[in-house]
Amino acid sequence: MSIKKNLLYFFFLFLRYFAIALGAIFFVLIISFIISWQSWRNFTREALSGKNNLSTALYSLQDRNWSNAKTDLNLAENNFQASGAAITELYRTWLPAKIGLGQAQLNDLELLNDSALIITRSALQASQLAENISAAAFNGKDNFQDLQAGQKAVFLESLIALEPELNGLKANLSLALFNIDRIHRFGILWPLRGQLQEVRTQLEQGQFMLTQSLPIIRLLPAFSGYPQAVHYLIMLQNNDEIRPTGGFLGTYVRADIIDFGKIERLTADDVYHLDMPSIGKTKYTPPTPISKYLKVENWYLRDANWSPDWPQSARQIQEMFQAESLAAGQADVPLDGIVGITPDFVADLLKITGPITVRGESYAPENMQALLQYNVEVAYKEEEISSWDRKNIINELISALKDKLITLPLRQYPELIASLDKSLKRGDLLLYFNDAGRQNIAKELGGSGEIKSVEGDYLMVVDANLAAFKSDAVMQKNLTYRVQDKKNGLTANLTLNYRHRGGFDWRTTRYRSYTRVLAPLGSQLIQIKGLEEATADIIDYDDINLGKHVFGFFWSIEPGQNKELILSYNLPNNLKNDFRENNYYSLYVQRQPGSRIASLSLAIETDKKIISAKPQDLNGEIKTQSAYWTISLEQDQKIKIL
């Protein structure tokens with residue numbers, strides 16, 4: 001009984017002292033709060049005022065009201081400096097800041113405040129740059145087309161000179177992002193997590209825009225006719241009739257640009273208007289598949305993009321264009337470069353400009369390609385237009401699209417830059433310049449279209465529609481790539497599953513493709529299942545010009561049918577050594593421009609434990625000794641396994 005009484009005595013004694021201690025702590029906190037109250041009030045007042053001033057300034061920037069924007073940004077800068085000073089005072093006067101938890105909360109507030117100050121100063125810098133350009137060039141005009149030649153010159157010169165300033169802005173945004181990422185997920189700013197994520201997204205978008213804009217700015221002289229006129233050949237690549245660099249070269253456009261963006265010439269023509277007059281006058285030996293499956297003895301401009309490497313094909317296109325122009329009595333000025341575009345690029349532009357109307361019909365992103373093909377393949381006969389003039393409508397489309405683009409409001413320029421970046425990464429817009437410096441910039445932008453040189457594994461499937469009309473429009477293509485670590489080395493198995501969902505009509509017929517699979521140099525063929533070897537024309541060799549091993553074959557698929565083939569080959573020994581000795585495997589999958597791969601399934605299987613796989617955001621599954629992904633091949637993909 002006495003033991004029980006003693007336990008109760010000590011328990012109540014503990015509660016008494018605990019209550020005293022708790023009261024003392026509470027008293028100290030109250031005193032601390034009273035002492036720091038002024039600092040908390042100053043921080044709250046200044047931070048909220050800074051947020052409001054910054055928001056107001058951003059709206060003024062959108063309206064190009066530079067004076068109001070600068071006034072509000074200067075106020076916001078003063079606010080955030082004052083709130084930062086309040087945080088410094090809180091480190092001194094707020095008692096919880098002396099211990100880890102309280103200090104972490106103030107650290108988060110300081111990181112957020114520093115980010116806001118960086119954003120404010122960056123906006124102030126950007127507004128000053130924009131005001132300088134606007135005052136010197138635009139003078140209240142809403143678009144580039146409204147400017148005089150001298151104003152255009154000032155505008156372009158100002159933009160080109162901006163690169164150091166824009167690099168500074170990019171660095172500031174990176175620092176703001178770094179600060180926000182250091183804020184604790186669970187802490188004093190937890191209620192603001194949604195707003196913080198929104199700010200982070202906007203910062204990333206701004207950083208992305210600057211990253212993409214800088215190389216484009218360096219390319220301005222190449223497309224502005226400044227300081228001298230430029231001359232380009234634009235090849236329209238119809239990916240409904242896929243060819244190695246994107247599509248059949250059915251139409252070409254000549255573009256001459258002078259005087260700071262003035263388009264002196266922008267005219268389209270049927271490629272056969274050069275090919276036909278060149279019969280018997282130009283001599284180019286065609287690649288064997290073109291000769292055999294298209295039944296031609298000479299090589300013409302329409303088939304010049306046989307190499308999947310855009311620089312190689314662009315040089316071939318340029319040479320043939322000049323030779324055929326001379327043969328047709330249309331000798332032209334020397335070219336500065338070759339540009340390749342697919343209908344997907346034009347469709348993306350229409351998403352920005354809105355539909356265009358030509359000859360009473362509306363061309364929108366969804367119907368542009370099919371409608372144009374119908375008009376130049378079928379409808380021209382009903383309208384009693386000669387076959388020689390059937391593509392004149394393309395000039396009207398180009399003119400209408402050009403008018404939309406040159407009157408595009410400045411506020412839509414970020415959207416235009418994002419669309420250009422997407423097209424460059426997908427290969428829907430390919431650039432080749434005769435000037436090596438400009439070509440390096442095109443490569444930096446991701447639009448040079450060269451076959452990538454990589455140290456690890458590599459895969460590219462290159463289809464070439466040969467006399468199959470526009471059947472690629474109805475083909476469903478799925479790829480599966482599986483790499484296994486076997487006793488004798490790394491073995492790759494590539495499955496091509498193609499389904500023909502069309503029929504026999506003016507647009508589609510049986511699918512006929514000469515397909516090449518590009519793999520690392522030194523790969524060795526094991527077998528190909530699913531082909532009739534007697535008619536497949538299988539090739540298997542190291543292509544030094546491409547820097548790849550090439551497996552090639554011809555196959556056809558009837559309408560309504562599905563066909564599958566499996567290509568098996570051994571990867572070179574250096575990849576095996578990396579895999580076994582260094583526990584490292586990498587794969588670069590390059591997308592054929594213009595291709596429409598419905599899905600790409602990847603499987604990497606090994607007898608060793610997989611530590612990590614990148615990128616982790618792909619739709620995949622990582623197991624102990626295997627990794628699987630299923631992705632859409634919208635652009636090139638890089639895979640790494642450790």
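Structure above, values below:
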{"read-out": "Single unsatisfied condition, Asp472 versus (1) more than 30 Å from Asn582 (Cβ to Cβ); (2) assigned to a loop (DSSP other than H, G, I, E, B)", "value": "(2)"}
{"read-out": "Test: residue in segment 7-27 that is assigned to a helix (DSSP H, G or I) and either open to solvent by less than 40 Å² (accessible area, probe 1.4 Å) or modelled with pLDDT of 80 or more (or both)", "value": "yes"}
{"read-out": "Ala116 part of a helix (DSSP H, G or I), modelled with pLDDT of 75 or more and within 30 Å of the chain's Cα centre (by Cα)", "value": "yes"}
{"read-out": "Answer from Leu335, Leu371, Leu397 - the residue that is touching a Leu at 6+ places or on another chain (Cβ under 6 Å) and of a type outside the set (Phe, Trp, Tyr)", "value": "Leu335"}
{"read-out": "Index of the failed condition, Tyr413 passing every other in (1) touching a residue at least 12 places away in the same chain (Cβ under 8 Å); (2) more than 30 Å from Tyr584 (Cβ to Cβ)", "value": "(1)"}
{"read-out": "Selection from segment 371-390 of residues that are over 16 Å from Asp505 (Cα atoms), in contact (Cβ under 8 Å) with a residue 24 or more places away in the chain and in a helix (DSSP H, G or I)", "value": "Leu372, Trp388"}
{"read-out": "First in segment 244-268 and over 20 Å from Ala400 (Cβ atoms) and of a type in the set (Lys, Arg), second anywhere and open to solvent by 10 Å² or more (accessible area, probe 1.4 Å) and not in a strand (DSSP E or B), Cβ under 9 Å, 6 or more apart", "value": "none"}
{"read-out": "Of all residues in segment 94-108 being open to solvent by less than 20 Å² (accessible area, probe 1.4 Å) and touching a helix residue (DSSP H, G or I) at 6+ places or on another chain (Cβ under 6 Å), the one that is nearest to Thr44 (Cα to Cα)", "value": "Leu106"}
{"read-out": "Check on Lys452, at pLDDT 95 or above, of a type in the set (Lys, Arg), open to solvent by 10 Å² or more (accessible area, probe 1.4 Å) and part of a loop (DSSP other than H, G, I, E, B)", "value": "yes"}
{"read-out": "Cβ-Cβ under 9 Å pairs, at least 6 apart or on other chains, segment 338-363 side part of a strand (DSSP E or B), far side surrounded by 21 or more Cβ atoms within 10 Å (Cβ to Cβ) and charged (D, E, K, R)", "value": "Gly340/Asp428; Ile341/Asp428"}
{"read-out": "Test: Asp332 is acidic (Asp, Glu), within 23 Å of Asp256 (Cβ to Cβ) and open to solvent by 10 Å² or more (accessible area, probe 1.4 Å)", "value": "yes"}
{"read-out": "Conditions (1) closer than 14 Å to Ala116 by Cα; (2) at pLDDT 75 or above; (3) open to solvent by 50 Å² or more (accessible area, probe 1.4 Å); number of the one not met by Glu198", "value": "(2)"}
{"read-out": "Filtered residue count, segment 484-537, keeping only those that are closer than 22 Å to Asn305 by Cα, in a strand (DSSP E or B) and open to solvent by 30 Å² or more (accessible area, probe 1.4 Å)", "value": "1"}
{"read-out": "Subset tally (residues that are farther than 17 Å from Asp240 by Cα and open to solvent by 20 Å² or more (accessible area, probe 1.4 Å)) for segment 365-382", "value": "3"}
{"read-out": "Hits in segment 273-296 - residues which are open to solvent by 40 Å² or more (accessible area, probe 1.4 Å), polar (S, T, N, Q) and within 18 Å of Ala323 (Cα to Cα)", "value": "Thr285"}
{"read-out": "Complete set of residues in segment 467-483 that are surrounded by 19 or more Cβ atoms within 10 Å (Cβ to Cβ) and either closer than 30 Å to Ala222 by Cβ or in contact with a Leu (Cβ under 9 Å, 6 or more places away or on another chain) (or both)", "value": "Lys477, Leu479, Tyr481, Val483"}
{"read-out": "Residue in segment 305-324 that is open to solvent by 50 Å² or more (accessible area, probe 1.4 Å), in contact (Cβ under 8 Å) with a residue 60 or more places away in the chain and out of contact with any Cys (no Cβ under 8 Å at 6 or more places or on another chain) present", "value": "yes"}
{"read-out": "Candidate set: segment 609-642, residues that are assigned to a loop (DSSP other than H, G, I, E, B), farther than 19 Å from Arg426 by Cα and touching a residue at least 24 places away in the same chain (Cβ under 8 Å); chosen: the one least open to solvent (accessible area, probe 1.4 Å)", "value": "Ile610"}
{"read-out": "Residues satisfying the stated conditions in segment 215-272, i.e. among the small types (Gly, Ala, Ser), crowded, with 17+ Cβ neighbours inside 10 Å and under 24 Å from Ala328 (Cβ atoms)", "value": "Gly247, Gly250, Ala255, Ala268"}
{"read-out": "Residues being over 21 Å from the mean Cα position of the chain (by Cα) and either in a helix (DSSP H, G or I) or surrounded by 15 or more Cβ atoms within 10 Å (Cβ to Cβ) (or both) - total across segment 391-443", "value": "19"}
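The values are calculated or read from the model by the stated rules, or taken from the named source; none is laboratory data. Not measured: the values here are computed from a predicted model. Methodologically, a virtual Cβ is constructed for each residue, glycine included, from the backbone with ideal geometry; neighbour enumeration extends over all protein chains shown. When the accessible area is computed, the model is the full protein with side chains, heavy atoms only, and any ligands, DNA or RNA have been set aside. Shrake-Rupley method; radii C 1.70, N 1.55, O 1.52, S 1.80 Å.
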